[in-house]
Amino acid sequence: MPIITLPDGNNIDFPKKVTGIEVAEKISKSLAKQAMVMSINGELKDLNYLIENDCTVKIFTSKNPEGLETIRHDTAHILAMAVQELFPGTQVTIGPVIENGFYYDFARKEPFTSDDLKKIEKRMSEIIDKDVKTRREVWERDRAINHFRKIGEKYKAEIIESIPKNEELTIYHHGDTWHDLCRGPHLVSSGKIGKAFKLTKVSGAYWRGDSNNEMLQRIYGTCWSSKDQLNQYLERL
């Protein structure tokens, strides 16, 4: 029976294991609707994470830096998902959060155009409207390497090979088929992202920052918690 300590020092007792979503609902229905991610004893976790022991929990919304960063992280994944749906055969590499947004590097022979970015944005919006669910899995190292090699994702397999053997490998699924190697955390579903995002530009980037490696295509985007914030940012560019 976990005892959840909140940031204000109050405790909530639960009769069984509990998720972050359930904790947020216990605090208030409005918080549960706005919740994006949580921390357990200071460590960020998905809201679907199952809490088994006594701990301190803090819930973050899009108004918190932790919540906004998670939104941006998910948007990067949905960008990659949209690209692979629209341009089959494109390989994904890495897609981190950066200041004011995110980027994702792709291996593709044909260059992305401004028209392509519009198509990708449209597909991203469609995926967000579908509110596809997010699922986290822990995979064995060999399984992960063999899987990504089998589906033609050599860069992903190379990344996994470089991860220390004692480190847990987590795969995040967005919807029924698309998935990516990622530490997380992530939102519970794509609908939580909202529509305050914009793909801004494409540039070249060497694989792993090494000029001896292949040149990839990097798509940059920005993402905010509201369209007003997005528009204010775009006006400053």
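The values are calculated or read from the model by the stated rules, or taken from the named source; none is laboratory data. This one's a predicted model, so the numbers in the text were calculated from it and none came from an experiment. No Cβ is skipped: glycine too gets one built from the backbone with ideal geometry, and neighbour counts run over all protein chains shown. For the accessible areas, the whole protein counts, side chains as well, though only heavy atoms, and no ligand, DNA or RNA atoms are used. Shrake-Rupley method; radii C 1.70, N 1.55, O 1.52, S 1.80 Å.
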Check on Gly184, under 12 Å from the mean Cα position of the chain (by Cα) and either closer than 21 Å to Pro96 by Cβ or surrounded by 13 or more Cβ atoms within 10 Å (Cβ to Cβ) (or both): yes
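Quick grid of which residues meet (1) part of a helix (DSSP H, G or I); (2) crowded, with 17+ Cβ neighbours inside 10 Å:
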position	(1), (2)
Leu199	no, yes
Gly204	no, no
Ser211	no, no
Arg218	no, yes
Asp228	yes, no
Asn231	yes, no
Every pair of residues 6+ apart whose Cβ atoms lie under 7 Å, when the first sits in segment 135-156 and is of a type in the set (Val, Ile, Thr) while the second is open to solvent by 50 Å² or more (accessible area, probe 1.4 Å): Val138/Glu168; Ile145/Glu161
Residues being open to solvent by 40 Å² or more (accessible area, probe 1.4 Å) and in a helix (DSSP H, G or I) - total across segment 188-197: 1
Exclusive hit being basic (Lys, Arg), farther than 18 Å from Thr222 by Cα and at pLDDT 95 or above, set Lys63, Lys45: Lys45
Verdict on Lys150 being closer than 21 Å to Thr90 by Cβ and within 19 Å of the chain's Cα centre (by Cα): no
Residue match in segment 202-220 (condition: more than 14 Å from His73 (Cα to Cα), of a type in the set (D, E, K, R) and modelled with pLDDT of 95 or more): yes
Failed item, numbered, when Phe102 is tested on (1) of a type outside the set (Asp, Glu); (2) within 24 Å of Val37 (Cβ to Cβ); (3) in contact with a Lys or Arg (Cβ under 7 Å, 6 or more places away or on another chain); (4) surrounded by fewer than 17 Cβ atoms within 10 Å (Cβ to Cβ): (4)
Sole exception among (1) open to solvent by less than 50 Å² (accessible area, probe 1.4 Å); (2) at pLDDT below 95 for His174, by number: (2)
Single match in Asn166, Asn213 (criterion: over 16 Å from Val138 (Cα atoms) and either under 19 Å from the mean Cα position of the chain (by Cα) or of a type outside the set (Ser, Thr, Tyr) (or both)): Asn213
Total residues in segment 126-143, condition loosely packed, with under 14 Cβ neighbours inside 10 Å and outside any loop (DSSP other than H, G, I, E, B): 7
Near pairs, Cβ below 9 angstrom, 6+ apart or cross-chain, from segment 3-25 (within 12 Å of Val57 (Cβ to Cβ) and of a type in the set (Lys, Arg)) to any residue that is part of a strand (DSSP E or B) and at pLDDT 95 or above: none
Phe112 being crowded, with 16+ Cβ neighbours inside 10 Å, within 17 Å of Lys201 (Cβ to Cβ) and within 19 Å of the chain's Cα centre (by Cα): no
